Amino acid sequence: MKSAWNFLDFMPEQATAWASQVDFINNFITYVAAFCTVAITGAMLFFAWKYRRKSPDHIGEYITHNATLETVWTVVPTLVCVFVAYYGFAVYHDMRTPPVDPVEINVEGYQWGWNYIHANGKKAAKELYVPVGKPVRLILSSRDVNHSFFLPAMRVKEDVLKGTYHYLWFTPTKTGDFPIFCAEYCGREHSGMLGTLKVVSPEQYQDYINDRRKEELSPVQIGEQGYGQRCIACHSVDGSPRIGPSFKGLYGKTEQFEDGGSASVDDNYIRESILDPQKHVVKGYSAVKMTSFAGQLSDEELNGLIAYIKSLK
Ligand code: CUA
């Protein structure tokens, strides 16, 4: 909700729950900064005028210190800064905590546009459809240079770099059309990387993603095919170990590595394991070296394999 004292409001429409919190802290910092600028500059000018030299032999007073004043101007700004830090952290923490059971959509940036791939394989460009009232998690990747996916109405923005996955999530609270921007200068038509976020009812969203070409496979189906062609000899999907670890229940699990390290299995770890398998070898699997699939898989196949592994709960 926009509050009544928001008389200087340059922020876009609020379409997610944390938007009002983001705007509150943003406005708070702006107003505090404006107040301090006026108060400090004003006091400085006033005192410079009040205590100006009034005659050539005028000598200024000798002033040591004022303990009360110094305590106040130390403690009050400290409290204000602690409040800003705490509030900012709390909202940021919400934004960075992955939602439970989100609608996941792959977003691929390229020079100069965005492609959207929904869970059932529905592909789109320009328009990103999402259901209202449900957490939406975007898995972002870039085909070429650095981009940045920016949804002002949702108050979320995430840099998108080639070679690694980035995430953002939000829960839209109202239906409507909202702008999508690229917020990282990425070449000649950077400013043309515009799109529309279409927040629709969950029923409309289902209708939308179901309206697709029959031959379009979902990422999970693409991954299943890829698995059959490339991975099946060494990796099972039923939990039994082969030459390599099984894919069943792999996603989200914490793996111990030969070099003593460990990591939880996420999109980036799977991607790395496919493209650079020797980087983090899982403990107990060092006997046979897996060869790298770098250059052999399209991003679509890579995303598919990750989606497939994710689906093997
Ligand atoms: Cu993509 Cu700017």
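The values are calculated or read from the model by the stated rules, or taken from the named source; none is laboratory data. Computed from a predicted model, the values in this text were never measured in an experiment. Neighbour counts are summed over all protein chains in view; Cβ atoms, including those assigned to glycine, are modelled from backbone coordinates with ideal geometry.
Looking only at residues in region 158-179 that are within 17 Å of the chain's Cα centre (by Cα) and hydroxyl-bearing (Ser, Thr, Tyr), which one is nearest to Val199 (Cα to Cα)?
Residues of region 158-179 that are within 17 Å of the chain's Cα centre (by Cα), as a first pass: 158-172, 179.
Checking which are hydroxyl-bearing (Ser, Thr, Tyr) leaves us with 164-165, 167, 171.
Values: Thr164: 27, Tyr165: 24, Tyr167: 19, Thr171: 10 Å.
Going through the qualifying residues, I end up with Thr171.
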Just to confirm my filter: which strands (runs of 3 or more DSSP E) fall fully inside region 55-139 and include at least 1 residues that are away from the ligand (no atom under 16 Å from the Cβ) and surrounded by fewer than 16 Cβ atoms within 10 Å (Cβ to Cβ)? 123-125, 127-131
Long-range neighbours under 9 Å by Cβ, at least six apart or interchain, first residue touching a residue at least 40 places away in the same chain (Cβ under 8 Å) within region 97-124, second among the aromatic types (Phe, Trp, Tyr) and within 12 Å of the ligand (Cβ to nearest atom): Val107/Trp114; Val107/Phe149; Glu108/Trp114; Gly109/Phe149; Trp114/Phe149
Whether any residue in region 251-264 is aliphatic (A, V, I, L, M) and in contact (Cβ under 8 Å) with a residue 24 or more places away in the chain is what I want to check. no
So which residues in region 174-188 are in contact (Cβ under 8 Å) with a residue 60 or more places away in the chain, near the ligand (Cβ under 8 Å from one of its atoms) and part of a loop (DSSP other than H, G, I, E, B), if there are any at all? Cys186, Gly187
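How many residues, within region 201-230, are surrounded by fewer than 18 Cβ atoms within 10 Å (Cβ to Cβ) and either touching a Cys at 6+ places or on another chain (Cβ under 7 Å) or not hydroxyl-bearing (Ser, Thr, Tyr) (or both)?
To start, the set of residues in region 201-230 that are surrounded by fewer than 18 Cβ atoms within 10 Å (Cβ to Cβ) comprises 201-204, 206-207, 210-217, 221, 225, 228-230.
Then drop every residue that is not either touching a Cys at 6+ places or on another chain (Cβ under 7 Å) or not hydroxyl-bearing (Ser, Thr, Tyr) (or both), which leaves 202-204, 206-207, 210-217, 221, 225, 228-230.
Residues in region 201-230 being surrounded by fewer than 18 Cβ atoms within 10 Å (Cβ to Cβ) and either touching a Cys at 6+ places or on another chain (Cβ under 7 Å) or not hydroxyl-bearing (Ser, Thr, Tyr) (or both): 18 in total.
Tell me whether region 20-36 contains one or more residues that are of a type in the set (A, V, I, L, M), surrounded by fewer than 11 Cβ atoms within 10 Å (Cβ to Cβ) and outside any loop (DSSP other than H, G, I, E, B).
First, pick out the residues of region 20-36 that are of a type in the set (A, V, I, L, M): 22, 25, 29, 32-34.
Filter once more, keeping what is surrounded by fewer than 11 Cβ atoms within 10 Å (Cβ to Cβ): 33.
From what is left, the residues that are outside any loop (DSSP other than H, G, I, E, B) are 33.
Yes, region 20-36 contains a residue that is of a type in the set (A, V, I, L, M), surrounded by fewer than 11 Cβ atoms within 10 Å (Cβ to Cβ) and outside any loop (DSSP other than H, G, I, E, B).
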Out of all the residues in region 277-301, which are modelled with pLDDT of 85 or more and not in a loop (DSSP other than H, G, I, E, B)? Val282
Those residues of region 189-214 that are closer than 25 Å to Ser142 by Cα, free of Cβ contacts under 8 Å to residues at least 40 places away in the same chain and away from the ligand (no atom under 16 Å from the Cβ) come to a total of 1
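Quick one: would you say Lys313 is without any contact (Cβ under 8 Å) to a residue 24 or more places away in the chain, part of a loop (DSSP other than H, G, I, E, B) and not hydrophobic (A, V, I, L, M, F, W, C)? So that I can check it myself, show each step before the final result.
Values: without any contact (Cβ under 8 Å) to a residue 24 or more places away in the chain: no; part of a loop (DSSP other than H, G, I, E, B): yes; not hydrophobic (A, V, I, L, M, F, W, C): yes.
It is false that Lys313 is without any contact (Cβ under 8 Å) to a residue 24 or more places away in the chain, part of a loop (DSSP other than H, G, I, E, B) and not hydrophobic (A, V, I, L, M, F, W, C).
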Is one or more of the residues making up region 143-163 part of a helix (DSSP H, G or I), among the small types (Gly, Ala, Ser) and either surrounded by fewer than 20 Cβ atoms within 10 Å (Cβ to Cβ) or in contact with a Leu (Cβ under 6 Å, 6 or more places away or on another chain) (or both)? no
Quick one: count up the residues across region 190-210 that are more than 17 Å from Asn115 (Cα to Cα) and in a loop (DSSP other than H, G, I, E, B). 1
Tally the residues that are without any contact (Cβ under 8 Å) to a residue 24 or more places away in the chain and touching a Cys at 6+ places or on another chain (Cβ under 8 Å), restricting the search to region 231-250. 1
Could you tell me whether region 147-154 includes any residue that is hydroxyl-bearing (Ser, Thr, Tyr), over 13 Å from Pro12 (Cβ atoms) and at pLDDT below 95? no
